[in-house]
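J.: Right, I'll just put the structure down here and ask away after.
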Amino acid sequence: MNKNLGWKLLVIIGTLVVFLFGIIGVPDSWSGKGLLAALQNRIHLGLDLKGGTHLILQVQVNDAVNVDSDNAIERLKADMRSHKINYAEISKPDQANHPERVLLKGVPPEQSSDLRSIVSDRLPEYDLASGAENTWTVSMKPQALADLKTRAVQQAIETIRNRIDQLGVSEPIIEEHGLGQYQILVQLPGVDDPARVKEIMQSTAMLEIRQALGGPYPSEQQALQEHGGVLPPDAVLLPGKNMGGTSSEGPAWFLISRASAVTGRDLRNAQPSRDENGQPAVTFNLSNEGGQKFYAFTSAHVGEDLAIVLDNKVQEKAVIKEAIRDQCIINGRFTEQEAKDLAMILRSGALPAGIKYLEERTVGPSLGSDSIKAGVTAAVIGMLAVLIFMLIYYHAAGINADVALILNLVILLGFLGFSGATLTLPGIAGVILTVGMGVDSNVLIFERIREELRNGKTPPSAVEQGFSHAWITIVDTQHDRFSHYLVYLWNRPGARVRGHVELRSVR
């Protein structure tokens, strides 16, 4: 008996140590402040208790449509060249409002059947309609357009979630906001640097490697003058960093091809690194398919310039000295943190479209702080009352009940710490419910033992019979209690609202 008691005591002490570690880990110091800091690091608080950032974003879905239609234009040009179909002009007449529409002018009537075949075979998401004076309109099908916009929102949610997860924000809420079109709700509990998080979320990190056709120019007007006021149809002017090619110290301008050799979708990995001068840089690797495309591009343009474009800004311009297959480096006069952030953004994937901030608020935890204080006060008073009652009513046996109740609370909080779960206002109610269930269990067990003693059983037999008879009753009563609690949480007013928060606008 003593041997069994010794093993049980060791198990209890071991369990207590393990779950205490789950609650506080290894504190930096054993002072009151050190233990409190360790507890806060292990037990995470939700937005309703800790405060944080509340954002509503809108995905600019037309950006994704523009990218798709631009690619469709390039495929159409290549196929018409290979089929020797003549045309005068191809453009998007209303790029801002209807980026899904492409206007094609000057196709001879005798080649219309070849054009229809190309669009049908190579661009199945698009319809072709004829117009006056040998014009044709290539438009994305309505269902394909709606699917593309929906995918843009879903991809934006996943990309933002990947970026936030890598920043280590605990239990963020990132989901589609049903109150507006193409909107996303983002709630970040306890963020330390909301400006940095906001910048990382907003960056599209759309990496593109394009052919550099001219520049740098000191201004946009100078670039236009160099080309007679009209840019080539396959080129676009983009701003970039002054790389020493102009006398001015402001931003420079570059003439860049519209089509990309490879994009961020071809990335396999990106890591912060150092360039040949020891400055912070970002090295990235391409996928097999992206590497093949890049090798074909660099092989065909040896001796010419390429530009690394990030978010429609030229980060670097370089001469292609030899064919390159799958690895590149971005130099951009980065700081260490900027290089790490850019590599993280590239790894998490490019946003399919830009995002616009519709609402930005800080969430104050004042109501949460009051709730925490009230909950802790209620728990302490309740625990002390229960412990004293057990000692008075059950005498020495009440010590066992008190120890079991304390262990129950330690194990519960230890599970919270080990699992990384987030404590919210409903969670505090759950902790109180668990304490109540522990009290109920103790009362049932001791009353069963007393009943067996009154029936003439010896103390060892009464304890054994009391535990065995109380077990079924405990399971049945706590199952009913827990079910009723879940029904209450679901049906209470505002149950679908994620906590009660105080909102203060920062605008």
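J.: Rounded to the nearest 0.05, what FRET efficiency is calculated for residue 111 and residue 150 with R0 set to 30 Å and r the Cβ-Cβ distance?
T.: That pair, residue 111 with residue 150, gives E of 0.25.
J.: In segment 120-159, whose amide N lies under 19 Å from the spot 7 Å out along Cα-to-Cβ of residue 98? List them in ranges.
T.: Within reach of a label on residue 98: 125-149.
J.: Continuing with the same structure: Residue 451 to residue 271: extension gain in nm, 0.36 nm per residue of separation minus the Cα-Cα distance?
T.: 57.8 nm
J.: Let me ask something else. Using a probe of 1.4 angstrom, how much of the accessible area of segment 397-446 is carbon and sulfur, in percent?
T.: Of the solvent-accessible surface of segment 397-446, carbon and sulfur hold 80 percent.
J.: Residue farthest toward the positive end of the dipole of segment 78-174, with Cβ of Lys/Arg at +1 and Asp/Glu at -1: which of 134, 87, 144?
T.: 87
J.: Still on this structure: State in Å² the accessible area per residue of segment 374-424; use a 1.4 Å probe, count heavy atoms of protein chains only, and round to the nearest integer.
T.: On the way: 2800 Å² over 51 residues.
In whole numbers, segment 374-424 has 55 Å² accessible per residue.
J.: For segment 226-342, rounded, prolate or oblate, judged on the Cα gyration tensor with a ≥ b ≥ c (square roots of eigenvalues), a/c < 1.5 rounded, else prolate if a/b > b/c?
T.: In terms of gyration-tensor shape, oblate.
J.: Also, I was wondering about something else. Averaged per residue, what accessible area in Å² does segment 1-128 show with a 1.4 Å probe, protein chains only?
T.: 58 Å²
J.: Hey, any idea what % of segment 243-341's accessible area is carbon plus sulfur with a 1.4 Å probe?
T.: 45 percent
J.: While we're looking at this one, here's another question. Label point 7 Å out from residue 18 along Cα-to-Cβ: which residues of segment 414-449 have amide N under 13 Å?
T.: Label zone hits: 414-415, 418.
J.: Would you mind putting 129-141, 306-318, 9-21 in packing order, based on average other-beta-carbon counts within 10 Å, highest first?
T.: Order by mean packing, descending: 306-318, 129-141, 9-21.
J.: At a 1.4 Å probe radius, carbon and sulfur cover how many percent of the accessible area of segment 74-162?
T.: The value for segment 74-162 is 45 percent carbon and sulfur by accessible area.
J.: Assigning unit charges at the beta carbon (Lys, Arg +1; Asp, Glu -1) and nothing else, what dipole magnitude in debye, to the nearest 20, does segment 296-338 show about its Cα centre?
T.: Computed about the Cα centre, the dipole is about 100 debye.
J.: Using the alpha-carbon centroid of each, what span in Å lies between segment 83-115 and segment 284-298?
T.: With segment 83-115 and segment 284-298 each reduced to a Cα centre, they are spaced 30 Å.
J.: If R₀ is 51 angstrom, what is the calculated FRET efficiency for the pair residue 77 and residue 222, using the beta carbon separation as r and rounding to 0.05? Present the calculation step by step, with values, prior to reporting the outcome.
T.: Working: r = 29 Å, r/R0 = 0.56.
The formula returns an efficiency of 0.95 here.
The values are calculated or read from the model by the stated rules, or taken from the named source; none is laboratory data. All values reported here derive from a predicted model rather than from experimental measurement. Counting neighbours? That spans all protein chains shown, and the Cβs are built from the backbone with ideal geometry, glycine included. These accessible areas exclude ligands, DNA and RNA; they are computed on the full protein's heavy atoms, side chains included. Shrake-Rupley method; radii C 1.70, N 1.55, O 1.52, S 1.80 Å.
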